Amino acid sequence: MPTEAGLFAGSVRFPAMKLYRGDLEVEDVFKWRPHFCYQAGLALKHLAKQPRRDNPAAGAVWKKHFEEVDPVQVTEKGWYATLDFDRAQDNTMRIAYFDELPGAAKRQLRLATMTQSFEPGVPNTWTVDVIDGGDVLGEFPALARTISGGGAISYFERNARQLKICMFGPFPESPAVEVVTGDVDNDDVWSSVGASFQFKFCIAYGSGGKLRYATRTGINTFDIQDVDSGGRWPSLAFDDNGTVHIAHVAGGTLKYATAATGN
């Protein structure tokens with residue numbers, strides 16, 4: 001497999017990558033180009049490999065598509081960064097991540113939204129919102145996008161030892177933060193979130209040595225099922241038939257669970 005030279009030299013952590021889908025019905029030189037987010041130093045960065053806006057025919061390049069999303073001010077930015085494009089027509093990209101106040105056990109959830117520019121000489125613009133502030137110590141976010149342009153972030157809140165979900169989108173209460181469960185006994189609860197075909201948010205996570213599957217059935221209401229032993233580092237996805245697929249680890253063994261669901 002061919003590789004490329006280092007893209008960014010320095011202190012880099014928490015990389016995540018997604019491919020820009022574009023309009024699948026139209027030929028587009030920006031389609032399927034890789035986009036990265038990561039923490040470099042103490043700031044959140046975005047990097048893409050795509051054609052130059054002033055000369056799309058010249059081929060894809062890296063150096064014209066590097067930018068600082070959330071610069072360092074008082075807090076460190078970019079902890080556990082993850083990104084995704086929505087499934088709506090405009091393919092808006094968002095990055096979920098935490099900032100950290102140095103010397104304090106406080107790490108707030110932030111959401112950066114990119115307005116992508118395809119015009120020569122016009123940079124992308126970013127809007128950054130704090131969507132779970134206060135006395136929180138958040139870790140391990142997972143991000144899912146919906147066809148309506150909204151989405152959800154599941155994450156572990158260490159101070160209260162809770163698995164939480166933050167939902168955002170075109171509804172008056174956005175962003176809305178809810179507690180999925182306080183019944184977690186791990187020191188590091190990783191989760192994965194997705195939207196079912198019935199427009200319900202579902203979260204896979206590990207607790208008590210088990211893979212668990214939570215479905216949001218109403219405001220602050222979640223149906224939680226034990227699926228299997230294990231549950232470490234889960235990854236959840238829905239196929240086009242609405243079947244849920246979950247990969248996870250149990251005792252060092254990679255496991256896979258799948259089920260047709262009406263949720």
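Label the range 36-179 by shape, choosing from rounded, prolate and oblate, from the square roots a ≥ b ≥ c of the eigenvalues of the Cα gyration tensor; if a/c is under 1.5 it is rounded, and otherwise prolate applies when a/b is larger than b/c, oblate when it is not. Oblate shape, in that a/c is at least 1.5 and b/c is the bigger or equal ratio.
Close Lys pairs in the chain (alpha-carbon distance under 17 Å; sequence gap of 8 or more, or different chains): 14.
Against the empirical curve 2.2 N^0.38 Å, the C-alpha radius of gyration of the range 117-263 lands at a ratio of 1.11. Rg and Dmax of the chain, based on Cα coordinates, read 18.8, 55 Å. With no solvent and one equal point scatterer per Cα, compute the Debye intensity ratio I(q)/I(0) for the range 151-238 at 0.25 Å⁻¹ and report its log10, rounded to two decimals. Normalising to I(0) and taking log10 leaves -1.36. Each peptide in 154-163, 68-77 was scored by the mean count of other Cβ atoms within 10 Å over its residues; highest first, the order is 154-163, 68-77. Compared with the rule-of-thumb size 2.2 N^0.38 Å for a compact globular protein, the range 24-115 has a Cα radius of gyration ratio of 1.25. Here the peptides 32-45, 243-256 are ranked by packing, the mean other Cβ count within 10 Å, and the order with the highest first is 32-45, 243-256.
May I ask you to work out the translational diffusion coefficient for the range 150-191 at 10 °C, viscosity 1.306 mPa s, via Stokes-Einstein with Rh from the Kirkwood sum over Cα pairs, reported in whole µm²/s?
Details: Rh = 10.8 Å.
Using the Kirkwood radius from Cα pairs, D works out to 147 µm²/s.
Compared with the rule-of-thumb size 2.2 N^0.38 Å for a compact globular protein, the range 101-184 has a Cα radius of gyration ratio of 1.27.
Bear in mind that the values in this text are calculations on the coordinates, not laboratory data. Predicted model only: the values in this text are computed from it and were never measured. Because the Cβ atoms are built from the backbone with ideal geometry, glycine has one as well, and the counts that use them run over all protein chains shown.
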